[in-house]
Amino acid sequence: MHVVIMGCGRVGSTVAHILESHDHTVAIVDQNPEAFRRLQPGFEGSTVAGVGFDRDVLIEAGIERADAFVAVSSGDNSNILAARVARETFGVDNVVARIYDPGRAEVYQRLGIPTVATVRWTADQILRRLFPEGAQTEWVDPTGTVQLAELHVSSGWIGLTADKLEKASGARIAFLTRYGEGVLPTADTVIQDGDLVHVLVNTERIPYVVQVLSKDPEVEV
């Protein structure tokens, strides 16, 4: 893929190097030419000094052949504007924007622009580790109908198979996090102690799913 990144801060430069290490081509845009010093020696992508939502700047960065666009500058407005230009003007479907204001992030998420609300995400991750009960939303489809959520599962479900959790709760297990690695479960995958369970579920059913899985199963399922 060819990926255009707006913002050569710590996040932008890190993403650029990761993408390049996976054999993708990268162009990174920043208003401040000094920002490119964050790139490691040997970076083979292109650097473009300029405003990340300017058409000519984006064209110089190769937006017309880009498969993805990432907006991670320090300004919410700039990130959203650049993401919209990439999508609506140049037809780049795969865009993501970093947003510091969680309220704005939710609005643009519902408009179909994937966002990462860094402050809210960090706070949620801290609270999740302090108080693991309940559900932690990880992704919401643009209509708000379906969510991917991390759920706290009672110890009584340990040793049971994934299909039994699905049957009891009505949710679909999307994946497990086991020892820090993602696991795609089959119907026969056994839930182990320490597993983080990530489910796809209709938003309106989350309270029911939490209620079922946060308690030990009342009968054998």
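Here the translational diffusion coefficient of the chain follows from Stokes-Einstein with Rh set to the Kirkwood radius across Cα pairs; for 20 °C and 1.002 mPa s it amounts to 111 µm²/s.
Averaging the sequence gap over all C-alpha pairs within less than 8 Å and six or more residues apart, then dividing by the number of residues, gives region 2-121 a relative contact order of 22 percent. Its Cα centre serving as origin, the chain has a Cβ charge dipole (Lys and Arg +1, Asp and Glu -1) of approximately 380 debye.
When a/c reaches 1.5 or more, the comparison of a/b and b/c decides; with that in mind, is region 1-69 rounded, prolate or oblate per its Cα gyration tensor? Cα axes put region 1-69 in the oblate bin. Enclosing the Cα atoms of region 132-214 in their convex hull gives a volume equal to 84 cubic angstrom per residue.
Using the 1.4 Å probe convention, the accessible area of the chain works out to 56 Å² per residue with neighbouring protein chains retained.
Think of each Lys and Arg Cβ as +1 and each Asp and Glu Cβ as -1; about the Cα centre, that makes the dipole of region 2-121 roughly 400 debye.
Positive end of the dipole of region 2-121 (Cβ unit charges, origin at the Cα centre): among VAL96, PHE43, VAL107, the Cα lying farthest that way belongs to VAL107.
Compared with the direct C-alpha span, the chain from PHE36 to HIS24 gains 2.5 nm at full extension, assuming 0.36 nm per residue. With a simple spin-label model that places each label point 7 Å from the Cα along the Cα-to-Cβ direction, the separation between THR14 and VAL140 comes to 2.6 nm.
Computed over the chain, relative contact order equals 13 percent, with contacts defined as Cα pairs under 8 Å that lie 6+ residues apart.
The values are calculated or read from the model by the stated rules, or taken from the named source; none is laboratory data. From a predicted model like this one, the values you see are computed outputs, not experimental measurements. Please note: Cβ atoms are built from the backbone with ideal geometry, for glycine as well, and neighbour counts cover all protein chains shown. Please note that ligands, DNA and RNA were not included when accessible areas were found on the heavy atoms of the full protein model with its side chains. Shrake-Rupley method; radii C 1.70, N 1.55, O 1.52, S 1.80 Å.
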